1. Using amide H atoms built 1.01 Å from N in the peptide plane, name the residues 5+ places from G85, or on other chains, whose amide H lies under 5 Å from its own.
2. From the phi angles alone, apply the Karplus equation (6.51, -1.76, 1.60; θ = phi - 60°) to region 80-94 and give each ³J(HN,Hα) in whole Hz, x where the residue is Gly or Pro.
3. For every other residue with a beta carbon closer than 14 angstrom to the beta carbon of W52, add +1 if it is Lys or Arg and -1 if Asp or Glu, then tell me the sum.
4. How large is the charge dipole for the chain, taken about the Cα centre, if only the Cβ atoms of Lys, Arg (+1) and Asp, Glu (-1) carry charge, to the nearest 20 debye?
5. Per-residue HN-Hα couplings for region 5-17, Karplus 6.51 cos²θ - 1.76 cosθ + 1.60 at θ = phi - 60°, whole Hz, x for Gly and Pro?
6. How large is ³J(HN,Hα), in whole Hz, for each residue of region 27-40 in order, when computed from phi with the Karplus curve 6.51 cos²θ - 1.76 cosθ + 1.60 and θ = phi - 60°, using x for Gly and Pro?
7. Of the listed peptides 39-46, 78-85, what is their order by residue-averaged count of other C-beta atoms within 10 Å, with the highest listed first?
8. Explain nothing, just the number: relative contact order of the chain, from Cα pairs under 8 Å at least 6 residues apart, as a whole percent.
Amino acid sequence: MDEWTHHNKVRAREADGVLELVVDGLTTQTRYYKPLIYEFFRKAWRGGRAAWGEFSVEITMHYVGDPPWMDLDNLAKALLDAIKGYAFHDDAQVARLLVERHPGERERITIIVRKFGSGAEFSARRPHTLR
């Protein structure tokens, strides 16, 4: 991957169609993340721009000690809103979303965004429906 671009508590890099974004620190106030990430993209980011198509997004919250009292769905929504307009045009383009929390050595959030090539990656993973 390329070198990291830093601004405040946010850093990002991209290579081979993958955008990796890391936010250092945690808070239970999910509204904190949107302006922080917006500022990063507005002031520091010189990488790729929003694209059309389907995307896979993986969000991992790393915590120290007891897990924070935070709904992961609210965290995911705040982060998707924050990267919308930079990684993709609309969060409706997210065809696959994985959100997890794990104990870690540092408190941080990692976001990995991948663009689906032809859509075959997604359809191959879709569960079969019963008829």
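1. Residues meeting the criterion, in which the H sits 1.01 Å from N, are D90.
2. Each residue's phi maps through the Karplus curve to give 4, 4, 5, 8, 4, x, 10, 8, 8, 7, 8, 5, 5, 7, 7 Hz.
3. 0
4. On the way: 20 positive and 19 negative charges, 64 e Å.
Computed charge dipole of the chain: roughly 300 debye.
5. 9, 10, 6, 6, 8, 10, 9, 8, 8, 8, 6, 6, x
6. With coefficients 6.51, -1.76 and 1.60, one gets 8, 7, 8, 4, 5, 5, 6, 4, x, 5, 6, 4, 4, 4 Hz.
7. Working: 39-46: 14.6, 78-85: 20.0.
Highest mean packing first, the order is 78-85, 39-46.
8. On the way: 228 pairs, mean separation 43.8, N = 131.
Result for the chain is 33 percent.
No value in this document is a laboratory result; all are computed from the given coordinates. Predicted, not measured: the structure shown is a model, and the values here were computed from it. Every residue, glycine as well, gets a Cβ built from its backbone with ideal geometry; the counts of neighbours run over all protein chains shown.
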